[in-house]
Amino acid sequence: MSSDLSIKFDRVSKKFSKSAIQHGLLRDDLVMFFKRNKNVDCLKTDEFWALDQISFKIPKGSSIGLYGPNGSGKSTLLKLIANVISPTTGKITINGRIAPLIELGAGFHPDLNGIENIYMNGAILGMTIGEIKSKIERIIEYSELSDFISTPVKKYSSGMKLRLGFSIAIHSEADIFLFDEILSVGDEAFQEKSLNSIQKLLKNKKTLFIVSHNKKRLTGMADKILILEKGKIKWNIFD
């Protein structure tokens, strides 16, 4: 992949089953692993394509809005970029470290306090212990949670989790930032601060992927918008 690109999707598809999740044995998972390239283009009666033959290239330093109705595949696409899930077919190439804020509170342990979760979540984002130590006061200050930083995260409100997760992410040295609707959770003042931080990330040539149902918000944050509908790209901004 060109060094000027952050993300490349080449005919990527992802299918899921509508059936309840079955927790099989390890040997069943291994069998599925070695069979994954056989008949992957065929759907069983209880399966569906969440994404179907998606291709695009994202240049470094781009701010991309991802828009579409519920069920269009937006969150699936972000999880593929974050390597939370793997594609059924196709190839994904990522150039850089990723900071995924794709699920509120993801990476937090509910029984650990705010400080402990900063260390754990920071490590998940690829930060070293030394890096976290040098930034922890700034992370706490930005999150505005100094009065609750020793409180277990399970007692945090959704807005408090948002502030802590966002603060950790933007203080990391990631190259690619993924935001999935989380900016709509915070209060107005924090949203404004978050938008200012996003602008700083762009000035530093970071790549942003932002999911929102709010077109006006996306227009204000994104250079370009990619539209998904029923697992397909309705409008590919790079065609």
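Worth a mention:
- Only one of the listed residues (Ile115, Ile21) is modelled with pLDDT of 85 or more, at negative phi and outside any strand (DSSP E or B). That residue is Ile115.
- Which listed residue is among the aliphatic types (A, V, I, L, M) and surrounded by 17 or more Cβ atoms within 10 Å (Cβ to Cβ), from Ile85, Ile102: Ile102
- Top-ranked residue in region 132-156 [being charged (D, E, K, R) and under 13 Å from Asp111 (Cβ atoms); ranked as most open to solvent (accessible area, probe 1.4 Å)]: Lys155
- Filtered by the rule that a residue be at pLDDT 85 or above and among the β-branched types (Val, Ile, Thr), region 148-193 gives Ile149, Thr151, Val153, Ile168, Ile170, Ile176.
- Filtered residue count, region 190-211, keeping only those that are β-branched (Val, Ile, Thr) and either surrounded by fewer than 19 Cβ atoms within 10 Å (Cβ to Cβ) or assigned to a helix (DSSP H, G or I) (or both): 1
- Residue satisfying all of: in region 157-172; among the small types (Gly, Ala, Ser) and assigned to a loop (DSSP other than H, G, I, E, B); surrounded by the most Cβ atoms within 10 Å (Cβ to Cβ) among these: Ser172
- Residues satisfying the stated conditions in region 125-147, i.e. touching a Lys or Arg at 6+ places or on another chain (Cβ under 7 Å), modelled with pLDDT of 90 or more and not polar (S, T, N, Q): Glu144, Leu145
- Condition broken by Ile129, with the remaining ones in (1) open to solvent by 60 Å² or more (accessible area, probe 1.4 Å); (2) under 20 Å from Glu181 (Cβ atoms) satisfied: (2)
- Positions within region 214-239 being modelled with pLDDT of 80 or more and in a loop (DSSP other than H, G, I, E, B), in sequence order: Ala222, Asp223, Lys230, Gly231
- Test: residue in region 173-189 that is among the aromatic types (Phe, Trp, Tyr), assigned to a helix (DSSP H, G or I) and crowded, with 21+ Cβ neighbours inside 10 Å: no
The values are calculated or read from the model by the stated rules, or taken from the named source; none is laboratory data. Model, not experiment: these values are computed from the prediction. All Cβ positions, even for glycine, are placed from backbone atoms using ideal geometry, and neighbour counts span all protein chains on display. Side chains included, ligands, DNA and RNA excluded: accessible areas come from the protein's heavy atoms. Shrake-Rupley method; radii C 1.70, N 1.55, O 1.52, S 1.80 Å.
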